[in-house]
């Protein structure tokens, strides 16, 4: 018996928008997965850009009907085991499977404080790191504390409003960012994919909704958002920036959540001077 048919149960109250996001994510990943990517023979005259639903179901060892219901956002209960099987069928990363799990399970949407109280010890720690960027930020990437490297490379000011201190907003609405990032497209795509991963846990937070609405007015953001790429903070790639005095530097981030500032995280970068 396929795995999915073994776990039909009373459906918990999962937000409709979560199911819709899971459905859209599955469709996007199925369209992006070629048969040869998962060990299937490429056929001539295929009428779909990626895999067929029945192919995903067979690879995941679930029924086509059950997988179709997942893609339609039906009110069904999906076990973690099924998500892992579907993830393997679609050649997903562990973080993408984790993202599906966030959307598939009933969970209280989180909230965050846009202006939390940052302890002086944490401020001093950030400022003491001067060889590379370091900052503390909210989950939606509003910078709260940063060091001189960040100020010099990215032109942030402590007196600026929240949007002007938001990494994503500056990425798409500050023209200077296309010069600061050597490969702006790659950096922007990674930032959007990371934002999608975090947004899954903050869907009902009005501050996230407000930022997303503003970002969607950017054609570039809307284009990247429609790709349904997902990156967790742990998977963020290195990127190149142009520093005013140090030239081109490769920055590789390391992030950690903070108990002393709930909902926030600290990011510290390794910096390698390229030229």
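Any read-out appearing in this document is the output of simple, stated calculations on the displayed coordinates, not a laboratory observation. On a predicted model such as this, the values are computed, not experimentally measured, just so you know. Every residue, glycine among them, receives a Cβ derived from its backbone with ideal geometry; neighbour counts consider all protein chains shown.
If you run the Gaussian network model on the chain, springs between alpha carbon atoms under 10 Å, then out of 146, 69, 184 the most flexible one is 69. Look at the alpha carbon pairs under 8 Å that are at least 6 residues apart: their mean separation over the length of segment 4-104 gives a relative contact order of 39 percent. Put a dot 7 Å past the Cα of residue 275, heading toward its Cβ, do the same for residue 127, and the two dots end up 3.6 nm apart.
Structure remark: mean-square fluctuation, Gaussian network model of the chain, C-alpha springs under 10 Å; the largest value among 39, 50, 73 belongs to 39.
If you take the square roots of the eigenvalues of the alpha-carbon gyration tensor of segment 207-272 and sort them as a ≥ b ≥ c, do you get rounded (a/c under 1.5), prolate (a/b over b/c) or oblate? Display every interim value, and only then the final one.
On the way: a/c = 1.96, a/b = 1.23, b/c = 1.60.
Note, shape of segment 207-272 comes out oblate.
Dividing the Cα convex hull volume of the chain by residue count, how many Å³ per residue is that?
Details: hull volume 40.6 nm³, N = 275.
Per-residue hull volume (Cα only) is 147 Å³.
Here the Gaussian network model covers the chain, with springs between Cα atoms less than 10 Å apart; of 151, 121, 132, 121 fluctuates the most.
Measuring from centroid to centroid over Cα atoms, what is the spacing of segment 220-237 and segment 159-203 in Å? Comparing the Cα centres of segment 220-237 and segment 159-203, I get a distance of 10 Å. Mean sequence separation of contacting Cα pairs (under 8 Å, at least six apart), scaled by the length of segment 156-275, corresponds to a relative contact order of 21 percent.
Shape analysis of segment 87-151 places it in the oblate category; the axes a ≥ b ≥ c from the Cα gyration tensor give an a/c of at least 1.5, with a/b not above b/c.
Mean residue ellipticity, 222 nm, helices only, the chain: the sum of -39500 (n - 2.57) across DSSP H runs of n ≥ 4, divided by residue count and rounded to 500, is -12000 deg cm²/dmol.
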